[in-house]
Amino acid sequence: MTLDVAPPSQMGSTGDTLPPGGVVHRRPWWMGQHMGTGLLLGIGGYALGHYLGNTIAGGYTHVGTAGENDVAIVLALLLGVVGWLAGVGALNYPLAKLAGREPVAQPDTQHWTRFFRFSVEHKTVGMQYLIAVLVFLFTGGLLAMSIRTELLSPTSHIIGPGTYISIVGEHGTVMMMMASSLVVGPLGNWLIPIMIGSRRMAFPRVEAFSFWLFSAGYFVILTALPLGGFPTGWTGYAPLQTQATVGMDSYLVGFSVIGLGMILAGFNLLVTIINYRAPGMTWSRIPVFAWSILATSALLALATPTLAVACMFGILDRTVGTAFYVNAHGGSSYLWENLFWFFGHPEVYIMALPGFGIVGEMLPVFTRKPLFAYRVAAAGMIGVALLSFFVWQHHLFQSGINPDMRPLFMLTTELISIPTGFIFLVGLGTLYKAKIRFEVPMLFALAMYFNFLIGGVTGVFVSDVPVDVTVHGSFFVLAHFHYTIMGGLVFAFFGGVYYWMPKLTGKMMNKTLGKVHFWMMFVFFNLTFFPMFLIGLLGQPRRVFEYAQGLQTLNDFSSVSAFCLGASFLVFVVNFVWSIFIAPQEAPLNPWGSLGLEWQTATPVPQHNFERIPVVLTDPYHYSEPGASPVADLAPTSFAEFAAVGAGGGGPIARGEP
Amino acid sequence: MSQVRVPADSGYVATPEELAYEARAAENALFTASRLMIGCFAFAFAALAFAYFYLRSANSYDLWRPHSVTAPVGTGTAVMAFTAAATVLLLFGLRQLRRKDVLAFDVAGWVAVLSGLLALGLQCWELTDLPFAPATGGYTSVFIGWAVMNIIMLVSGIYWAETLLARRARLRKAITEEGGAVRGVPSGIFRLNVDSCVYFWGFIAFVAVFFWIFFYIAG
Amino acid sequence: MSEHAGTSGRPGAGASTSSVAAGTARPLQDIWRIVGIWVALSIVGDLVFWFVAGPHVPPGDMTSSASGAQFDFNVLFMVALPVILAVWTYMGYAVIMWRASRPGAPEPIGGPRARSNLKVQLWWIVVTTVVVLSMFVFGTVELIVPAGAGGAEGPNPIWTPASKNVLPIQVIAQQWQFTYRYPTFGGMETSTLIVPDNTTIAFHVTSLDVIHSFWAYQLGVKIDANPGIDDVGYTTTNQLGKFTVRCNELCGIWHGAMYDYGKVVSKAQFQKWGTSTARATAANTKYLPPFAWTYSPTANGATGVTAANTSGQAPFSKIQTYGATTKAKKVVKNVQTSTTTITTGST
Amino acid sequence: MVTRKQLQPVVRREERGLSRSGRIAVVLGLFAVVVFLAVFAAMAFVATEPPTVSFIKGHKAGSAVHLVAQTDGAGGTGIHPTWVSYQVKTPQSGKWVHTTLWQLPTNTRIDVTIYQFDSGGPLRNQQWGRVTGTTGNAATLTGTTFTVLNSYKRPVGHTFSVAALGINVPLAGVKTTEKGFCQSGPCNPGTQLHHTVTFSFKTPKTPGNYRFQCFIPCGAGHYAGNGGPMQTLGFMGGFLEVQA
């Protein structure tokens, strides 16, 4: 260790220092540890694990009869992930720490290659996440296109049935993995420290680690296809899971790896929001987006361990031969259903809450009105997060659980629509007598309300047990959750991307292309998924490659709309590439006229975010309020200043009175 | 080394107020994080406990625990005992550290790590030499699940304790000086870190005893 | 205090004092307009739905549970439509009337009154809570009164039909076809489901391998098939006709092709069909395992009826004893449960 | 009021060296590479589907189609050589092809001969011991007509079942211990131990893909014996592609 002592201000809690000056690598960009070495070691790890697995378990009779060695595949995937992490340099510090070493300062070059390295700078990690979730999204989208292609005809015609369910499962899994990090990953990591007035994340290495696990998960889940796919869909129901071929191992390992990444990402964000708020950033002043990320992070950190454990049980069943999910051996097929959905339902809100936060940020800006009922919004998000732990058995209504549990879970499920309704109260209240500017982000925000309303109301149908007898597991449910996840979260995400892109990159997205993207996406999203409610009611179960002849018209309509929906994403890609890389247009400092703290900093945001740690004077929603205090003092002479003005949110300026 | 030092030129100098603010934030973050980490592990072990009680009450085909199979009680008790011993030792070490008896902290800490490693080794050994097949019943499955999770938990706990002790070995006495900061590690933070680690070990011991009871004693 | 931050982002700040007048004349004019449009739309929408679409809403009215589901769906829709219309009307009104590009659009008003309104918030919470709770009460009544509404009640149903004459039919799901056993006809097994009219039927659904779901669409019945579990659901037929049975839980490659068609026939026809089929299949029925509520076939066969598996003997070869030594090899007593053959109980 | 310049960070902005057309070219090039890779991956993936054997080419309308297939304990070729699988004789060249996609003409009698080389066991569900859906609801096993096979007495190697057409024919298994047991396909009906099962059925008038599968748990090493070959096209499940 030849490093100088970093000033204590940059010392992390567990010694996670991040000296902003730090050390610069003099090596050329292609040397050192980066994605390339990660891939190399990842492949090496895969090969080693495969070899080890064959050595250990190759002789077992069942491996011979099945013609497949699950032990080898699991070990290969796990060691592949370890190799990837070691290759990108994620393990350097954790290992050095064993020898008591202090953190090695990170290369903080602003060279573009930083996006391919293990960077602990939250804005770099945010951009890495942004690209990664888009890759995930488009991969899942292409798979969706092939699903819709197969469903053009009521019988099997282009894709074989085995390939078809592999694609269905792959689509679901990739999309779920993507959606659980869609907002938290890019926007959460990038914006949250700036929004709460912090110079850093609580655990920058944990944050970076979560990203590299996330990206490793992408490769792991992709290996499922060449390994023969998995037949279970994203829900991975056992004992079909136990029965499946080695592609299933990719699912189990992939979900564990992604799950670990989700836990770490949520862990870091939660600790950061709780502890790194700037002076004066009281709980009643943090942006509503931070509230949503707070609630989401809590769900990520607490619900996902259950998934990891359930996946571990599945791996043990398939490799060591335990019988967690095998009834005939003292296990239970319900065990997976319970554990999975105990994670799975909070997961659903992991994929909804950040969207609420984003639209909550954008509505005041584009209506020039304060956010209506801020406390209700916060309460709604926390309420949804809490309740989401008590609803999971509604996925098991028709599975033969104890019948008297069903009214109870019907109640909890329907209760959750009350805090969800708060979000609508906030939105509608903010629109009241507003001055709505139809910028691209605002269009997405309004569309999110439009879509999520349909998704939410149909959720009440699904939660009602007698109706659920008909719609459970049908295309109705499929349409329902696409309306909430895609109609809600993905729309909000794209709104957020258009909204914050000037901050993230300093470039404006093209407005015309943005509007074309929005209208195509909005119209064809609804044309794709609304018919699915009818298709489901008319008796088409999910994940089938054959359906009733009479449903072909509706399915074809839906398919063609889906292709157009797919094309709308191409418009986004063209817009993205054009506006950021080809013909960049410098963005104004605060193009939307937002009061949010993140818009008060420079663009590009300096590496340490703030020259001085700001003193926050009020919440960022004082629109159309002459004489309101500025949101923060960016150059405070002393932190005591806020105590005089805003301690406890009590001062006249803080209350927004003239 | 191809690294060179450059001055912290990114353009800001922290004021003493900011330093104090960030130090306090770091301390609070450590406190929150250690408790949250226990929360994450608690949910994981809750899933295991759920599997245990669910399969036990479902008792499919009367195969929860055929012939009352039991994992080796001696080994299991030893694993639990070593885990508990490590916790007690760390607790003692923390107390001595608070009294600035660093030598006692070092000795207790390293013995605790050793004890944890023994528990870990025994747990691995027990897993490779079970008197039943994994698929014998629900009990055997959940037991193997527990053994794997216990290994993961012990590794986490030992890693944390070891890194603290290793850092302490590098930093020597300086950390005990009240308010002193050597190489950027304020002693307050270090003590809080040890404190959190011990807290986590308390959780490990609780889980170890809980599952020891249900797997070996009250099954 | 430095004033530089934040002000750049408030274009409306300068001109807002003049805008107060617009809202004061008739403060709730907009709300009344919205309510008017909403009430009109809701009444028309609900009436049109109830009388035009309602009677055709799937799954029809072939059985008590199907018509129950239809009625339920219609009632929920009658509630949901005004909720959706309320939000859409409001949003539509807002988008048209309160857009910035509208000539003469007044400046919005900020300040405490725009930030929260206790009355509105309370009303919102009360109304949503009342709607939600009444939906819950309605749903629970609709679930309990018609004996589980055609859904799965597990092995120990608590809401059973009042009728004493319940026809038990066993649905055996396996990869990838349903078969049906009729304990009332000597435990014969068929590949098509024929049920009598005007009869309360108890479907006992079980699986031989993975999880399936028995979805008799027009009958309004959906019951998951779990291996080793006897999952029961009830319905009462009240119409003749054909229906579709589909597997509703992903069960592997041929999940999409796991469907067949059944028929509701008159009681007399059912009796006739039953006796003739029982005779026709007698040659095979005698080889079937004795009728039981669940079956646990061994890996390469179908011998097992419900019984404790003598451990150590793997029912399927995937589970092996590698990595561990098998010391415990005491013989465990076979526990036979619920293997009684049912021979009575029809119509 | 802080101007943009004042807030400009110390971080140096990257210089952009490329012209606009240069950047377009780079992006299009990258795009082409990505598209190529995606198409390549998709093609490689689709190529794992088994080939189709046509019984329509060269078939005279009105005459019966003779379909000859064999079931082997191990397919011997392909990516899973140890998996149990069907082989079918092409009508054109008489070669054995490892596939389960068989094209058949509509409304035609199909005379099926299956050489069954695999060993057998009891059915998971004895229901599939019945012969249904064939002409006369019967089949012949080495010359003897039968309608029901007691799978506990007479182990069944496979069943040929087409659910949508109501066809089910159990194919009796051979003993692994006997001489001439075929270890790996394609097996030779002339020399190796097998059972010959024949039956006829009529293809429906409506064209369509009718799946056929096997109801014996022959995916050894997988839970309930229904994994692996049972869930992969070209092994124990496939389509009768009935076309006009």
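Just a few scattered comments:
- Globularity index of segment A:352-586, i.e. its alpha-carbon radius of gyration over 2.2 N^0.38 Å: 1.11
- Placing unit charges on the Cβ atoms only, positive for Lys and Arg and negative for Asp and Glu, gives chain D a dipole magnitude near 820 debye about its Cα centre.
- CD proxy at 222 nm, helix term only [per DSSP H run n ≥ 4: -39500 (n - 2.57); per residue of chain A; nearest 500]: -19500 deg cm²/dmol
- For chain A: rounded, prolate or oblate by the Cα gyration tensor [a/c cutoff 1.5]: oblate
- Under 5 Å from the amide H of D:Phe160 lie the amide H atoms of D:Val169, D:Leu171, each residue being 5 or more positions distant or on a separate chain, with H modelled from the backbone and absent for Pro and chain starts.
- If you take all other residues with their beta carbon under 12 Å from the beta carbon of B:Gly202, and give Lys and Arg +1 and Asp and Glu -1, the sum is 0.
- Net charge over other residues, Cβ less than 13 angstrom from the Cβ of A:Val253 (K, R count +1; D, E count -1): -1
- Cα-centre dipole for the protein assembly as shown with unit charges at Cβ (Lys and Arg positive, Asp and Glu negative), debye to 20: 960 debye
- Remark: mean inter-chain Cβ contacts per residue of C:80-87 equal 4, using a 10 Å Cβ-Cβ cutoff to other protein chain atoms.
- Ranking C:Gln177, B:Asn28, B:Thr136 by how far each Cα lies toward the positive end of the dipole of the protein assembly as shown (charges on Cβ) leaves C:Gln177 at the top.
- When the square roots of the Cα gyration tensor eigenvalues are ordered a ≥ b ≥ c, the ratio a/c for segment A:119-346 is 1.5 or more and a/b exceeds b/c, which makes its shape prolate.
- Cβ neighbours within 10 Å from other chains - mean over A:361-371: 4
- Of D:Phe146, D:Phe215, D:Phe31, the one that fluctuates the most in a GNM where chain D has Cα springs shorter than 10 Å: D:Phe31
- Over the residues of chain D, the helix contribution to mean residue ellipticity at 222 nm works out to -4000 deg cm²/dmol, using -39500 (n - 2.57) for each DSSP H run of at least 4.
- Order by protection proxy (mean Cβ within 10 Å, highest first), peptides C:66-77, C:155-166: C:66-77, C:155-166
- Using only the C-alpha atoms, the convex hull of segment A:31-104 corresponds to 85 Å³ per residue.
- Measuring nothing but how far apart in sequence close Cα pairs (under 8 Å, 6+ apart) lie, relative to its length, segment A:352-586 scores a relative contact order of 23 percent.
- Relative exposure of A:Phe569, A:Phe115, judged by other C-beta atoms within 10 Å (fewest first): A:Phe115, A:Phe569
- Kirkwood estimate for chain D, i.e. one over the average of 1/r between Cα atoms, Å: 20.7 Å
- Residue by residue along A:58-69, Cβ atoms of other protein chains within 10 Å of the local Cβ number 6 on average.
- Take every Cα pair under 8 Å whose residues are at least 6 apart in sequence, average their separation, divide by the length of chain A, and the relative contact order is 13 percent.
- Cα gyration tensor category, rounded, prolate or oblate, for chain B with a/c compared to 1.5: prolate
- Cα-based convex hull, the protein assembly as shown, per residue volume (Å³, whole number): 179 Å³
- Around the amide H of D:Thr100, modelled in the peptide plane, lie the amide H atoms of D:Gly234, all under 5 Å away and 5 or more residues distant in sequence or on another chain.
- For the peptides B:88-100, A:253-265, A:418-430, the ranking by mean Cβ contacts within 10 Å, running from highest to lowest, is A:253-265, A:418-430, B:88-100.
- Overall dimensions of segment A:141-221 by Cα: Rg and Dmax, Å: 18.3, 58
Where a number appears in this text, it was derived from the coordinates with a stated rule and is not lab data. Since this is a predicted model, take the numbers as computed values, not measurements. Backbone-built Cβ (ideal geometry, glycine too); neighbour counts: all protein chains shown.
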